[in-house]
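A.B. asks: Input: one structure, supplied below.
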Amino acid sequence: MGKIQLPAIIHVVAVLVSAIVITIPATVVVAVPLGRLVTPEFFNNIRNKAGSNCKGKHFYTRRAFLKAAKSYPRFGHLDSVEESKREIAAFFAHVSHETGDLCYTEEIERGTYCDSSAVANPCAPGRQYYGRGPLQLSWNYNYGECGKANGFDGLRNPDIVARDPVVTWKSALWFWSTSVRPTERKGFGETIHKINGMECNHGNTDEVEDRVRYYREYCKQLGVSPGNNIRC
């Protein structure tokens, strides 16, 4: 067998290394752990605004939120750190608005919220499907589907959303992931439309402005610009 000259070996190695380098994507997004973005300071800044007599002040906890988020690993882990921060800011802006800074666990003006046309999720006798949890999950079809996705009977036991601190966050993350996130890149305004479209198109300007105020505040805390189209 003939000898291979050393320069030839170096050339082959260089070609192989070049090929490897070329296959690496131009940009690699390193996911920031959710707990490093939703810090104790960030979370407590919201919760501490609630009065001492608020039921949610001790019910909604960061620990329960992070535990629930393990079931929704895409939350806060989008294609860039900036997008991830905007998602977190948008989510907690709506949570703050819906719960009065994590004060309320249930809707004040309650109703049955039973849609009899939702045959896949029929209302259970004596149960009411009014707003509960961080995003005020409402209607039998949402309770039914949320329960199926998270391992609880949302139709027969809707109260668990206001009793179990982990389930309550799962209910919000489920609704966010299935109904809100698909449109989030269109801007914060579109998330308002998905959560409560009746507020949009001059339906309730004060409510919209309150959500936007929270969103801007949380974007600032997270060090990210709010982006475009922040009103609906």
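The values are calculated or read from the model by the stated rules, or taken from the named source; none is laboratory data. None of these values were measured; they are calculated from a predicted model. Every residue, glycine among them, receives a Cβ derived from its backbone with ideal geometry; neighbour counts consider all protein chains shown. Side chains included, ligands, DNA and RNA excluded: accessible areas come from the protein's heavy atoms. Shrake-Rupley method; radii C 1.70, N 1.55, O 1.52, S 1.80 Å.
A.B. asks: Report yes if Val208 is β-branched (Val, Ile, Thr), surrounded by 19 or more Cβ atoms within 10 Å (Cβ to Cβ) and under 17 Å from the mean Cα position of the chain (by Cα), otherwise no. Lay out the reasoning, then the answer.
C.D. replies: Numbers: β-branched (Val, Ile, Thr): yes; surrounded by 19 or more Cβ atoms within 10 Å (Cβ to Cβ): yes; under 17 Å from the mean Cα position of the chain (by Cα): no.
No.
A.B. asks: I've got another one for you. Does the stretch 181-192 include one or more residues that are farther than 20 Å from Thr99 by Cα, out of contact with any Lys or Arg (no Cβ under 8 Å at 6 or more places or on another chain), of a type in the set (Gly, Ala, Ser) and surrounded by 14 or more Cβ atoms within 10 Å (Cβ to Cβ)?
C.D. replies: Yes, the stretch 181-192 has at least one match.
A.B. asks: Is there a residue being farther than 21 Å from Thr99 by Cα and either out of contact with any strand residue (DSSP E or B) (no Cβ under 9 Å at 6 or more places or on another chain) or assigned to a loop (DSSP other than H, G, I, E, B) (or both) anywhere in the stretch 207-217? Give the derivation first.
C.D. replies: From the stretch 207-217, those farther than 21 Å from Thr99 by Cα are none; that's our starting set.
No, the stretch 207-217 contains no residue that is farther than 21 Å from Thr99 by Cα and either out of contact with any strand residue (DSSP E or B) (no Cβ under 9 Å at 6 or more places or on another chain) or assigned to a loop (DSSP other than H, G, I, E, B) (or both).
A.B. asks: Give the residue, chosen from Ile108, Ile160, that is open to solvent by 10 Å² or more (accessible area, probe 1.4 Å) and within 20 Å of the chain's Cα centre (by Cα). Even if it seems obvious, please write down each step before you answer.
C.D. replies: Working: Ile108 fails: within 20 Å of the chain's Cα centre (by Cα).
Checking each option against the conditions leaves just Ile160.
A.B. asks: With part of a loop (DSSP other than H, G, I, E, B) and at pLDDT 95 or above as the only criterion, which of Gly154, Gly227 stands out? Lay out the reasoning, then the answer.
C.D. replies: On the way: Gly227 fails: at pLDDT 95 or above.
Sole residue among the options that is part of a loop (DSSP other than H, G, I, E, B) and at pLDDT 95 or above: Gly154.
A.B. asks: Return the residue satisfying two criteria in turn: it lies in the stretch 40-60 and is in a loop (DSSP other than H, G, I, E, B) and in contact with a Lys or Arg (Cβ under 8 Å, 6 or more places away or on another chain), and of such residues it is most open to solvent (accessible area, probe 1.4 Å). Lay out the reasoning, then the answer.
C.D. replies: First pass over the stretch 40-60, keeping only residues in a loop (DSSP other than H, G, I, E, B): 48-55, 60.
Narrowing the set further to residues that are in contact with a Lys or Arg (Cβ under 8 Å, 6 or more places away or on another chain) leaves 50-51, 60.
Values: Ala50: 9, Gly51: 31, Tyr60: 0 Å².
Across the stretch 40-60, the extreme among qualifying residues is Gly51.
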